[in-house]
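Comments concern the structure below.
The values are calculated or read from the model by the stated rules, or taken from the named source; none is laboratory data. These numbers come from a predicted model, not from an experiment. Cβ atoms come from the backbone with ideal geometry, glycine included; neighbour counts cover every protein chain shown.
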Amino acid sequence: MTNVRGFAAPLLGLALLCAAGAAQAQSSFQGSASVMTDVLPDVSEAAGQQRVGELRTRVFADARHAFGDHLQVRAAGFVDGLVGACWPARQPACGGRDASGRGAVVRPTDLYVEWRGAHAELRAGASRVVWGRLDEFQPGDVVNPLDLSRFLLEGRSEARLASAMVRGRVFLPRGWTLEGVAVPWFRRGQFDLVGEDDSPFNLGPRLSACAGGPRVCPTLVTHASSPRAGRNDWQGGGRVTGSLGRVDVGASLYRGFEAFPIYSLAQAPTFAPGPPVFVVNSTHPRFTMVAGDAETVRGPWGLRGEVAWFPRSTLQSLGAGATVGLPGNTLAVGVGADRKTGNYRVAANLVVTRKRLDADVLNRALLAAPIDPAVASTDVLLVGWAERSFARETRTVRLLAAHDPQAGSLFLRVIGSWSLRDDVAVEASGGWLSGHGQDLLSQLSRRDFVYARLKVHF
């Protein structure tokens, strides 16, 4: 099914406006087209097995036009296409229907008007804002939602989804900057921007495979609730950045909604004989974040740190019979380092996340079902990567590893890229995941993948 909702019409209109002026000195236009084929073999024989092969395409365009010295318009976006197939045919995890599926979406990455002055700038439109300092797993990067499939296959920078916002920055003396962001319309995170319902990256609740037929197998009814566009549903916050000696520092405050849904699962009462009916409610509760970060250089090493505290957040319990959201708080602290030596570049990050339930939840005498012990936990995530370039940086090999010792989860990925020409590149990658906890890597433990991609720039 084709999906061209949202910003498609203004995106195309602004793209044509900017492209029409691209011949002028103050205009620019660039883009790319890529074709990716990927396979998720899901070698597990457990219920819900979902072996998938996909062909993903993307056409990206970025047009900019400056009206004088102070006003700039940017229209950048993409058209994504997907053709996928599950095998064997009619897997329950693939929706219990024909094994093939297809879809397409049109989305912006940047679609805004920006005014720039000597001491301030103001931007309005769809945009992406990067907060935080660490690589890939950034606790304080909360303004834009993510596309989980892109995050796993291509990384965080490609996974950020544009949000409609107004952003203002004031440039203070001594290199300090004060930034404010207001987001009037909520946009949720996506498990997969194309074909989400049947995507192998969809982590929403699903019933186990059932071969008893519709008169015996349980029914799953879903009800999704999202914040509306109103004065009580705005998101926003601020950030200040600057330098203290040789250390770049930043502090952020943000109040918003959880990008990915919090689920509650309950069995609906039935008054006649028949299969059970389960109701899944998904909501996006409010959260508050206070964060700080720092970065500096010491000799060949780049050093950085980041801390994010969520005094008000909702924690997901996935215990047996107790899929529910519980009020609590979260503290995430991370440090990282990287350096380059010759043709090699290496980096390592450590992120410690502590999740705690509110006192009234812990003191509650009667609960409908036991709480998943993984809700109130302390997780340690180790992330490292190494990169090696060859042949005058036309060929690159990169190895990424992420490990959570408590959950026993591990993610290993190798990426190889080859620039055939200045405007043509080939990339191949493979990823392996394992784990038995409730962390993100464990939930994706059956989503090992391999892919190959051809990308042409124009």
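Here are some notes:
- Options L193, L220, L244: the member that is in contact with a strand residue (DSSP E or B) (Cβ under 6 Å, 6 or more places away or on another chain) and either modelled with pLDDT under 80 or more than 30 Å from R447 (Cβ to Cβ) (or both): L220
- Restricting the range 103-139 to residues that are in a loop (DSSP other than H, G, I, E, B) and among the charged types (D, E, K, R) leaves a set whose member that is nearest to A85 (Cα to Cα) is E136.
Here's the yes/no breakdown for (1) within 24 Å of the chain's Cα centre (by Cα); (2) buried (at least 18 other Cβ atoms within 10 Å of the Cβ); (3) not in a strand (DSSP E or B):
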site	(1), (2), (3)
H223	yes, no, no
S243	no, no, no
S252	yes, yes, no
A259	yes, yes, yes
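- Total residues in the range 177-204, condition without any contact (Cβ under 8 Å) to a residue 12 or more places away in the chain and touching a helix residue (DSSP H, G or I) at 6+ places or on another chain (Cβ under 6 Å): 0
- Residue that is modelled with the lowest pLDDT, among those in the range 47-73 that are more than 20 Å from L111 (Cβ to Cβ), among the charged types (D, E, K, R) and surrounded by 14 or more Cβ atoms within 10 Å (Cβ to Cβ): R51
- Of the residues L399, L420, the single one that is farther than 22 Å from G155 by Cα and part of a strand (DSSP E or B) is L420.
For every residue, the table says whether it meets (1) of a type in the set (S, T, N, Q); (2) assigned to a strand (DSSP E or B); (3) in contact with a Lys or Arg (Cβ under 6 Å, 6 or more places away or on another chain).
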position: T296; (1), (2), (3): yes, yes, yes
position: T330; (1), (2), (3): yes, yes, yes
position: G336; (1), (2), (3): no, yes, yes
position: K340; (1), (2), (3): no, yes, no
position: R345; (1), (2), (3): no, yes, no
position: V352; (1), (2), (3): no, yes, no
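- Selection within the range 157-176 - part of a helix (DSSP H, G or I), out of contact with any helix residue (DSSP H, G or I) (no Cβ under 9 Å at 6 or more places or on another chain) and either on the phi < 0 side of the Ramachandran plot or crowded, with 16+ Cβ neighbours inside 10 Å (or both): S157, P173
- Set Q438, Q406: member being in a loop (DSSP other than H, G, I, E, B) and either of a type in the set (K, R) or under 19 Å from the mean Cα position of the chain (by Cα) (or both): Q438
- Hits in the range 288-303 - residues which are under 24 Å from Q190 (Cα atoms) and either without any contact (Cβ under 8 Å) to a residue 60 or more places away in the chain or out of contact with any strand residue (DSSP E or B) (no Cβ under 7 Å at 6 or more places or on another chain) (or both): T288
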